[in-house]
Amino acid sequence: MSVDPRTLATAAVLPDGEPSFQLRGSAFTMMVLKINEARAGALVTELQDKVRQAPNFFRNAPIVVDLDGLSDDMRRIDLSGLVARLRSLQLIVVGVQGGSRNQQTAAIAAGLPVVPSGRPARLEPVAPTVTGVAAEALSAGTVAEPTTARQPTMIVNEPVRSGRQIYAQNCDLIVTAMVSAGAELLADGNIHVYGALRGRALAGLGGDKGARIFCLSMEAEMLSVAGLYLVSEDIDPAVHRKPAQVHLKDGYLRLDAI
Amino acid sequence: MGKIIVMTSGKGGVGKTTSSAAFATGFALRGYKTVVIDFDVGLRNLDLVMGCERRVVFDFINIINGEARLNQALIKDKRVDNLYILPTSQTRDKDALTKEGVEKVLEELRQEFDYVICDSPAGIERGALMALYFADEAIIVTNPEVSSVRDSDRILGMLAARSRRAELNEEPVKEHLLLTRYDPARVERGEMLNVTDVLEILAIPLLGVIPESQAVLRASNIGMPVTLDDKSTAGQAYRDAIARFLGEQIEHRFVKPERRGFFNRLLRRTA
Ligand SMILES: Nc1ncnc2c1ncn2[C@@H]1O[C@H](COP(=O)(O)OP(=O)(O)OP(=O)(O)O)[C@@H](O)[C@H]1O
Ligand SMILES: [Mg+2]
């Protein structure tokens, strides 16, 4: 199983007030079906067993079929047939990834988009924090290994108000003002807030376990590093409204006063 | 060229229309030629609060649609010189507010007026967006409670990101906080946020604190902007806020509960 990386959610720029629609980027966690060519014959029966073990998890789940690594021979698989068989197992194929150009053309003809290849998931340990509160993994399989080189730091000099989301892709994020409740900071690297942090902050989004969150006044709604998270009621009252940092240590999410 | 001021809040019923009427009247009393526009298309409250509802012939939407000329729709206040009202339509909806139409009307008005006050509808949708889009300054009307403060924060974010000044990368819209319906006694009992709490969350300059006051309802029932009731605490607080807007240094009043002696309380009860 594998997931696509969290991608930047971009609200379409609205040209005139409030149009009839909005297009925005959104990140999804989806299963990727990788076919073991040598045992392709047993695919449907074995998959059926798997689905039976966790029917609620699989019911109508979106599936991306991975075409990479298949030999040319296998690449001529009957996509529509595969879609129909998976549908009978209540799995819905929503796209393909990888494959040759011909293969992708065939997929598009069959009504399946080619999605950019995602990064495979790794489950993070679920562990209590120093304060004895359980940090929980965001959701199974949303954590991916860091893969991309760091870019220059993103700096935001105005308050980040409620309803706003900022994503520092492949870089650190510095906010030199406050972050309101209802705002969200995302960064593949570290997050620094030189003001009160009242909204959500998710550092190490791409899986970097060394990422940290720093702020001058800890009042966050939610904090996350590399997929582990704390919500505001887990936050130790001792650091409330104090300068603090959040980091991962030995698989534990730690929140310390600075 | 006149200034465009939006009276906005996100949350409904916090006192935008009351404050629009009060500010417009206050500016006019000080000799500034002022017009106040109702952007709450479909609800039409401003003309009631201003007491001119029976003189409405054409409205803001008629102007946008080119069905009438501006000076046919502008209603001149009978009490205060320099004060004009541009009412809105009760039969149309917010879709009638096109960006081009609003721009045309506001540009024409700012040629002639010192202050153009836009009374925004509640929410963060088209009506509210159109009311704030062309603003030079914004008065954020907030009540001392968590949901109102949160919505104000949201509106501040929209001003910073989606106003014309933001889109053209011009100097940002100037922000002012107007804390209304402030009840010092309830604040003291911990039932409402206090001024400091609100300022800490919103972090914008405080223009004024308007106390909760019976005079507001009384005034709007007779169609009189509360600024004209200079005996009331609310009327005085609005006058102070207007003076601060115009650059005067005035201490904040009405933020502490009144302390009354036994006799005062007795007198008040029988009064
Ligand atoms: N300082 C005050 N003291 C007492 N009542 C007030 C005060 N300010 C406003 N009100 C009352 O609150 C109610 C709502 O006020 P108003 O219509 O000005 O709010 P609004 O923000 O324009 O509402 P909407 O979002 O519906 O347009 C009215 O009944 C008004 O009389
Ligand atoms: Mg109103």
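Compute for chains A and B the buried accessible surface, both sides summed, probe 1.4 Å, and express it in Å² to the nearest 100.
Buried area (both sides, nearest 100 Å²): 1400 Å².
Taking Cα centre as origin and charging only the Cβ of basic (Lys, Arg, +1) and acidic (Asp, Glu, -1) residues, the dipole magnitude of segment B:114-246 rounds to 200 debye.
Beta bridges assigned by DSSP with both partners in segment B:1-160 are antiparallel in approximately 10 percent of cases.
The heavy atoms of residue A:184 present about 30 square angstrom of accessible area, all protein chains included, probe 1.4 Å. Evaluated on segment B:65-216, the Kirkwood hydrodynamic radius is 17.4 Å, with distances taken between all distinct Cα atoms.
When the accessible area of the protein assembly as shown is split by element with a 1.4 Å probe, what percent falls to carbon and sulfur? Accessible surface attributable to carbon and sulfur in the protein assembly as shown totals 50 percent. Within the assembled protein chains, the solvent-accessible surface assigned to residue A:240 is about 90 Å², based on a 1.4 Å probe.
Listed values for segment A:234-251 are Karplus-derived 3J(HN,Hα) couplings in whole Hz (6.51 cos²θ - 1.76 cosθ + 1.60, θ = phi - 60°), namely 7, 6, 4, x, 5, 9, 4, 6, 10, x, 8, 9, 10, 7, 9, 9, 6, x, and x replaces Gly and Pro.
Name the long-range amide H neighbours of residue B:138: under 5 Å, sequence gap of 5 or more, or other chain; modelled H, no Pro or chain starts. Those qualifying (amide H under 5 Å, at least 5 residues apart or on another chain) are B:6, B:174, B:175, B:176. With K and R counted +1 and D and E -1, the other residues having a Cβ less than 13 Å from that of residue B:231 yield a net charge of 0. Build a GNM of chain B with springs between Cα atoms under 10 Å apart, and of B:201, B:210, B:155 the one that fluctuates most is B:201.
Averaged per residue, the protein assembly as shown has 48 square angstrom of accessible surface, using a 1.4 angstrom probe with ligands and nucleic acids left out. The alpha-carbon of residue A:50 sits under 28 angstrom from the alpha-carbons of these lysines, leaving out residues fewer than 8 places away in its chain: A:34.
Remark: the residue A:94-residue A:241 segment gains 48.4 nm on full extension, using 0.36 nm per residue and subtracting the alpha carbon distance. Proximity of backbone amide H atoms, modeled 1.01 Å from N, is registered between residue A:194 and A:175, A:176, A:177 at under 5 Å, excluding neighbours fewer than 5 places apart on the same chain. Close amide H pairs (under 5 Å, H built 1.01 Å from N) link residue B:33 with B:114, B:115, residues at least 5 positions away or on another chain. Largest GNM mean-square fluctuation across B:185, B:122, B:241, computed for chain B with C-alpha springs under 10 Å, falls on B:185.
Build a GNM of chain B with springs between Cα atoms under 10 Å apart, and of B:235, B:123, B:26 the one that fluctuates most is B:123.
Converting the Cα gyration tensor eigenvalues of the protein assembly as shown into ellipsoid dimensions via √(5λ) gives semi-axes, longest first, of 55, 30, 19 Å.
Shown for segment A:170-198: residues covered by the partner protein chains by 50 Å² or more of accessible area relative to the chain by itself (probe radius 1.4 Å), namely A:198.
A cut-off under 15 angstrom between Cβ atoms defines the neighbours of residue A:237, and their net charge, with Lys, Arg +1 and Asp, Glu -1, is -3. Taking 23 Å as the straight-line reach from the Cα of residue A:209, the lysines in range (excluding those fewer than 8 positions away in the same chain) are A:249. Using every pair of distinct Cα positions in chain B, the Kirkwood expression returns a hydrodynamic radius of 18.8 angstrom.
Past 18 Å, Cα to Cα: identify those pairs from B:11/B:256; B:33/B:76; B:3/B:33; B:3/B:94, in the order given. The pairs that break the limit, which is 18 Å between Cα atoms, are B:11/B:256; B:3/B:94. Name the residues of segment B:134-173 whose accessible area, probed at 1.4 Å, falls by at least 20 Å² once all protein chains are in place instead of their chain on its own? For segment B:134-173, once contacts with the other chains are taken into account, B:150, B:153, B:154, B:157, B:162 lose 20 Å² or more. In order along segment B:228-238, the Karplus-derived 3J(HN,Hα) couplings, from 6.51 cos²θ - 1.76 cosθ + 1.60 at θ = phi - 60°, round to 6, 8, 7, 7, 7, 5, 5, x, 5, 5, 5 Hz, and Gly and Pro are given as x.
The values are calculated or read from the model by the stated rules, or taken from the named source; none is laboratory data. Everything numeric in this text was worked out from a predicted model, so none of it was measured. Counting neighbours? That spans all protein chains shown, and the Cβs are built from the backbone with ideal geometry, glycine included. SASA here: full protein model, heavy atoms, side chains in, ligands and nucleic acids out. Shrake-Rupley method; radii C 1.70, N 1.55, O 1.52, S 1.80 Å.
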